[in-house]
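K.L.:
To start, I am sharing the structure in question, which I have written as structure tokens.
The values are calculated or read from the model by the stated rules, or taken from the named source; none is laboratory data. Everything numeric here is computed off the predicted structure, so don't read it as measured data. Because the Cβ atoms are built from the backbone with ideal geometry, glycine has one as well, and the counts that use them run over all protein chains shown. Calculation scope for accessible area: heavy atoms of the full protein, side chains included, ligands and nucleic acids excluded. Shrake-Rupley method; radii C 1.70, N 1.55, O 1.52, S 1.80 Å.
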Amino acid sequence: MDVMSTIEIHRFNNLRIDLHSHTKFSDGGLTPQELIGRAVTFQLDVLAITDHDTVSALDSANEYISTNNISLELINGIEISTAWHGFEIHIVGLNIDRNNRQLLELIKTQQLAREERATAMGEKLTKCGFEGVYEQAKLLAGVGSITRAHFAKVLFQQGKISNLQAAFDKYIGKGKRAFVKPNWCSVGDAIAAIHHAGGSAVIAHPVRYDMSTKWLRRLVVHFKEEQGDGLEIVLPQMSNEQRKLMLSFCLEYDLQASMGSDFHYPSKWSDLGRNLRMPEQANPIWSLW
Ligand code: AMP
Ligand code: MN
Ligand code: MN
Ligand code: MN
């Protein structure tokens, strides 16, 4: 049975769907196998793995599911970092062909941008008085995408900050002492690569960009002009106001709706598939598949 028919049938049966999650191949805490194990424990029916600028988790995740005969619909995904008017906008690609040439080319340039930013960030942190942060972050990241979350973890492990958030607030967040402007692709580039790979492009966590409603609307208009498909309108921990606004954008600009926990590792505030419910009025992104 294909993804579409499975999901359509279950749509009326309260399917548990989570279309945004990370593994160790970017800044997640679990291996692909552990993540799938957790999805099974949490009785998910559909899970998308969407690591930052990489599809490296997908082969082993798919293999693990088929070898162990696990009844979980895995959606191959990615979360691509893009630059737009000084904001870093994350575009999630869902139901992609992970071997697509154009997508793999984009991933290569994004990985170069990550590497360049990481070395420059390491140099700035050295000037701030830290030692070997780049090298340790690189070790932590292993073969996966190197992210600021790795840098935050190293700073924390060195005992220089009291929590991971403080790393962003003091050093590596936008405008802070060790911040380096990344060379991400454009929103249009990300959408095009996702479409080349046969996937659907979704603006990830639109409520988390610290943007005014006016700027958010501009982003949605731009995304629509660039042929984007959907908005992630259901995340854990959203206010009712935010829910209403996101749904209204979907309806006004004829965009599909996606939902996901953005799971990185187990925490008390959110977990796989928890607190996710698609509003009745929305057109779910999986209706495209
Ligand atoms: P990067 O994509 O390398 O810029 O890394 C950003 C990642 O760091 C995000 O995907 C989050 O998982 C994590 N993160 C945690 N706290 C923050 C924060 N305050 N600002 C940005 N990213 C954060
Ligand atoms: Mn992340
Ligand atoms: Mn994100
Ligand atoms: Mn994410």
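K.L.:
Taking all pairs of distinct Cα atoms, average 1/r, flip it, and tell me the Kirkwood hydrodynamic radius of the chain in Å to one decimal place.
P.N.:
Averaging 1/r across every pair of different Cα atoms and inverting gives 19.4 Å.
K.L.:
Label 7 Å along Cα→Cβ of Asn14; the range 245-284 residues with amide nitrogen under 17 Å?
P.N.:
Zone members listed by number: 273-280.
K.L.:
Given DSSP loops and a limit of at most 15 other Cβ atoms within 10 Å, what is the longest stretch of the chain that contains no such trypsin sites (Lys or Arg not before Pro)?
P.N.:
The reported range is 1-173.
K.L.:
A further question on this structure: For the chain, with every protein chain kept in place, what is the accessible area per residue (1.4 Å probe, Å²)?
P.N.:
Values: 13640 Å² over 289 residues.
Per-residue value: 47 Å².
K.L.:
Can you tell me how much longer the chain between Gln237 and Ser60 gets when fully stretched, taken as 0.36 nm per residue apart minus their C-alpha distance, in nm with one decimal?
P.N.:
Numbers: separation 177, 0.36 × 177 = 63.72 nm, distance 3.07 nm.
That works out to 60.6 nm of additional length.
K.L.:
Another question, then. Roughly to the nearest percent, how much of the accessible area of the chain is carbon and sulfur, given a 1.4 Å probe?
P.N.:
48 percent
K.L.:
Another one. Using only protein heavy atoms and a 1.4 Å probe, report how much of His264 is accessible, in Å² to the nearest 10.
P.N.:
40 Å²
K.L.:
With every protein chain left in place and a probe of 1.4 Å, what is the accessible surface of Met259, to the nearest 10 Å²?
P.N.:
Approximately 10 Å² of Met259 is accessible to the 1.4 Å probe.
K.L.:
I need to check one value: relative contact order of the chain, counting alpha carbon pairs closer than 8 Å and at least 6 residues apart, in percent. Can you show the working numbers first?
P.N.:
On the way: 527 pairs, mean separation 60.9, N = 289.
It rounds to 21 percent for the chain.
K.L.:
Please calculate the 1.4 Å probe accessible area of Glu135, with all protein chains present, and give it to the nearest 10 Å².
P.N.:
110 Å²
K.L.:
At 7 Å along Cα-to-Cβ for each site, give me the label-to-label distance between Gln157 and Leu139 in nm.
P.N.:
Distance between label points: 0.6 nm.
K.L.:
Still on this structure, I have one more. How much net charge surrounds Gly188 when only the other residues with a Cβ under 12 Å from the Cβ of Gly188 are counted, with Lys and Arg +1 and Asp and Glu -1?
P.N.:
Here the charged neighbours net out to -2.
K.L.:
Let me ask you something else. Please report the relative contact order for the range 103-173, taking Cα pairs under 8 Å with a sequence separation of at least 6, and give it as a percent rounded to a whole number.
P.N.:
Across the range 103-173, relative contact order equals 23 percent.
K.L.:
In straight Cα distance, which lysines are under 18 Å from Lys174, not counting same-chain residues fewer than 8 positions off?
P.N.:
Filter leaves Lys124, Lys127, Lys153.
K.L.:
Moving to a separate point now. Which one, Phe42, Thr213, Ser186, projects farthest toward the positive side of the charge dipole computed for the chain from Cβ point charges (K/R +1, D/E -1)?
P.N.:
Of Phe42, Thr213, Ser186, it is Thr213.
K.L.:
Mind giving me the FRET efficiency for Lys214 and Asn283? R0 is 25 Å, r the Cβ-Cβ distance, nearest 0.05 is fine. The partial results should precede the final answer.
P.N.:
Values: r = 25 Å, r/R0 = 0.99.
In this case the efficiency is close to 0.50.
K.L.:
Still on this model: Rank these by accessible area, largest first, 1.4 Å probe: Thr31, Thr147.
P.N.:
From most exposed to least exposed: Thr31, Thr147.
K.L.:
Just subtract the alpha-carbon distance of Gln227 and Gln43 from 0.36 nm times their residue separation and send over the number in nm, one decimal.
P.N.:
Full extension of this stretch gives 62.9 nm more.
K.L.:
Additional query: Taking 7 Å along the Cα-to-C-beta vector as the label spot, tell me the Asn183-Leu251 distance in nanometres, rounded to one decimal.
P.N.:
The modelled label-to-label distance comes out at 4.5 nm.
K.L.:
Return the Rg/Rh value of the range 88-199, two decimal places, where both radii are evaluated on C-alpha atoms and Rh is the Kirkwood radius. Please list the in-between numbers first.
P.N.:
Working: Rg = 15.6 Å, Rh = 15.1 Å.
The Rg/Rh ratio comes out at 1.04.
K.L.:
Could you compute how fast the range 1-150 diffuses translationally, taking Rh as the Kirkwood radius over C-alpha pairs and applying Stokes-Einstein at 37 °C with viscosity 0.692 mPa s? Give it in µm² per second.
P.N.:
Answer from the Stokes-Einstein relation: 196 µm²/s.
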